[in-house]
């Protein structure tokens, strides 16, 4: 028998008993580094996939996503030529979803040292070039969509790390694992499956939207015919006042023709087509609005092809330089573009106005100081005189007068179009306006001047917007008492999403409480949407306004859990009354007034039932596409504006629904 080692615990690292060579140690470090890089790559591609998935979701539903406001960078990107796949019309986000899903599957199966085949390299490089193109377009075109930028930056970083982590030389098929051999086919299959699913859902949502648009178009066209055939003396609503055209001072005055008059009524200053016409179209527009540009092309053809049609415009630039009430500039040169067109009209009359009008749409409303003289020269006008006229108070007053008209009409977005004084709805599809015009002409309506056209004011429009909005499913929360008055005889169900730290939510609650007290047929339910990220984490940082919002929401839910709906109503009202001084201590001090023990109240506020109740309301708000608070829904339809000029739209909507049900 051989002798045993004196120390059996001694370890032999290799056959010679010596430590592993430096190359082996370095290899182990490199493998660990490659494994770490793998998970960085996975994280990057998941970020890209999640970002494009949110954009795709926004395209397929009415759900708003944080950081993408109406008319902002995301909307501008989606509306641009880069937002759709040519011929197919699919959102570009669909391509991103399929591509990033394929890369996610491939990355997980290929492992930390992916096979560096020529085909794989070509595909990765092509994708990187696509991301570089989209980032360039985003910054050059001003389409600053945070999700687009995040997806493409993450993708570029992923591609760079993948090239760095790839195996140094092609690995023969026999040397690959089963997962590696199936990585490319599996990724391709995932992309195909995602494309099929997205295409099917897109086809269904597009069909549904087309049906809604067609119904709205038929309904509004019928209203146009009705308004066009009744005697002008019985036309309803208050006409929009027309501001006379001022003449710029100085040398421009002698060269300034007065725009053609249409005898008052609802019209723009400049008109294409006859004064007496069967179809009188007025459009509120913005030269930097993509949808306005598309509509302009269709209207131009309509006027040329049909002598029974006239078109006039009013300016509504989405720029605070001349339109401060909108709060935020969406189109930075829109005011100057409108003043450019007005200056051309003041100096050269109808022909020059429409020439400048077409020029501004052609250029997307943009021009630089260096380009300005050449543009004026194309109009055949003198640049220095034109510049003085464009910068005069006269053009600014004209544009502001149109803006005031837009607000008086309840405009919420551009373009907004009227035919014979009636707003045309559902005209988003190409050819829809032409279809409506042909229907009006075929009905044999008499030719009239604009004096016969009297569109409803903003208040009437707000009520009409509610009447015409789609019904959304807002199910009751079974097992949770409503935080508003409930009546068994209720025929009107009003749901308010809000934050009782928000003064507008408090005003809406106060009005609803009065409506419920006055009429037992009205049921009011309060739902939580705190503007506080501590319990509403999907809220954008810019909307994180009220640090006590979640405290208030938990108090409302806790009061219901402890003593039911009546106690919940008392808590809701106390929070409204004490909005300005809410704190934990104030809530403790106020608990006895609501017949609550402060210890029991604060214990219940941490209960999972309270957390789940708030989460349920937030999930419902996401499903129905809530964009702001307060958000009020009457029998499933959104009331887009609660007040107009100090008058309550909400009360008018409730009364209109009661009247309708009483018929």
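Taken along the Cα-to-beta-carbon direction at a fixed 7 Å, the label points for residue 577 and residue 518 span 2.2 nm. By the beta-carbon count within 10 Å of each Cβ, the least crowded to most crowded order of 61, 414, fewest first, is 61, 414.
Roughly speaking, what is the centre-to-centre gap between the range 92-164 and the range 568-642 when only Cα atoms are used, to the nearest Å? Between the Cα centre of the range 92-164 and that of the range 568-642, the gap is 43 Å.
Of the three principal axes defined by the Cα atoms of the range 468-662, the extents in descending order read 48, 36, 32 Å. In summary, the range 242-455 shows an alpha-carbon radius of gyration equal to 0.98 times the 2.2 N^0.38 Å reference for compact globular proteins.
Normalised by 2.2 N^0.38 Å, with N the number of residues, the alpha-carbon radius of gyration of the range 76-162 equals 1.16.
With the largest listed first and rounded to whole Å, the semi-axes of the equivalent ellipsoid of the range 360-508 from the Cα gyration tensor are 45, 25, 16.
Among 145, 322, sorting on how many other beta-carbon atoms sit within 10 Å of each Cβ, with the fewest leading, yields 322, 145.
Model label points for residue 37 and residue 585, set 7 angstrom from Cα along the Cα-to-Cβ axis, are 5.8 nm apart.
Potential lengthening of the chain between residue 50 and residue 326 amounts to 96.2 nm, from the contour at 0.36 nm per residue minus the alpha-carbon distance.
Taking a point 7 angstrom from the Cα of residue 219 along the C-beta vector, which residues in the range 452-471 have backbone N less than 13 Å away? The answer is 463-471. Counted residue by residue at 0.36 nm each, then reduced by the alpha carbon distance between them, the extension gain from residue 189 to residue 205 reaches 3.3 nm. Say a paramagnetic label sat at a point 7 Å from the Cα of residue 471, along Cα to Cβ; which residues of the range 615-641 have their backbone N under 13 Å from it? Zone members listed by number: 634-638. From most to least packed by mean Cβ count within 10 Å, the peptides 396-404, 441-449 give 396-404, 441-449. Treating r as the C-beta distance of residue 534 and residue 387 and R0 as 60 Å, the FRET efficiency rounds to 0.65.
Each of the peptides 627-634, 601-608 was scored by the mean count of other Cβ atoms within 10 Å over its residues; in descending order, highest first, they stand as 627-634, 601-608.
Sorting the segments 201-209, 540-548 by their mean number of nearby beta carbons within 10 angstrom, highest to lowest, gives 540-548, 201-209.
Label-to-label distance for residue 276 and residue 300 is 3.0 nm, based on points extended 7 Å past Cα in the beta-carbon direction. Our estimate of slack between residue 177 and residue 607, defined as 0.36 nm per intervening residue step minus the Cα-Cα distance, is 149.8 nm.
Here, each number is a calculation from the coordinates, and none is a lab measurement. Please read these numbers as outputs of a predicted model, since none were measured by experiment. Quick reminder, even Gly has a Cβ in these numbers, built from the backbone with ideal geometry, and neighbours come from all protein chains shown.
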